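First comes the structure, then the notes that go with it.
The values are calculated or read from the model by the stated rules, or taken from the named source; none is laboratory data. Because the structure is predicted, anything quoted here is derived from the model rather than measured. Cβ placement follows ideal geometry from the backbone for every residue including glycine, while neighbour counts extend to all protein chains displayed.
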Amino acid sequence: GWPFIGETLEFLSPHRSNSIGTFLQQRCSRYGKVFKSHLFGSPAIVSCDNEFNMFILQNEGKLFQASYPKAMQGILGQYSLLIVSGEHHRKLRGITVSFSAMSKSSPVFHSRIEKLAFSMLESWRGRREIAFLEEMKKVKKKKSKFHID
């Protein structure tokens, strides 16, 4: 791959949700279930082994410390559920799970969120550039008008 980009573009290429994608299929068959790569401007260890991934997740903060490339932190934000770890992660996850459980009881809420998502996607049609942060602010503003029945 290229020095800065590495294999990121290939890693991010679209694939069906019921497969691991061409990038992982090719690398796993060539290098094994755990291999080194260069993603998002940083060296990375990639695992295609479900059992090993579960072991890592269960031992987060004990035997393993997750870290993400600075580029990911810049994109997702330093307080993203994917970025934070330890007690902060547990608190954010608890909030997310409780909200999800609450909203599951409201088909009306899901319908409104779905309509919002489709309208936002439609508004992006034909645009060459999308200012992601600005668009998410619009989503947040529109979403705050909803209430859970």
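Here are the numbers for the structure shown:
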| item | result |
| --- | --- |
| Residue match in region 24-33 (condition: among the aromatic types (Phe, Trp, Tyr) and either within 17 Å of the chain's Cα centre (by Cα) or outside the structural domain of Ile56 (by TED's automatic domain parsing) (or both)) | no |
| Filter result for the condition that a residue is among the acidic types (Asp, Glu) and within 21 Å of Pro43 (Cβ to Cβ), over Glu122, Glu60, Glu114 | Glu60 |
| Those residues of region 57-93 which are among the aliphatic types (A, V, I, L, M), over 20 Å from His38 (Cβ atoms) and outside any loop (DSSP other than H, G, I, E, B), in sequence order | Leu57, Leu92 |
| Top-ranked residue of region 6-22 - restricted to ones that are surrounded by 15 or more Cβ atoms within 10 Å (Cβ to Cβ) and more than 17 Å from the chain's Cα centre (by Cα), ranked as modelled with the highest pLDDT | Glu7 |
| So Phe52, is it closer than 30 Å to Ala131 by Cβ, free of Cβ contacts under 8 Å to residues at least 24 places away in the same chain and not in a strand (DSSP E or B) | no |
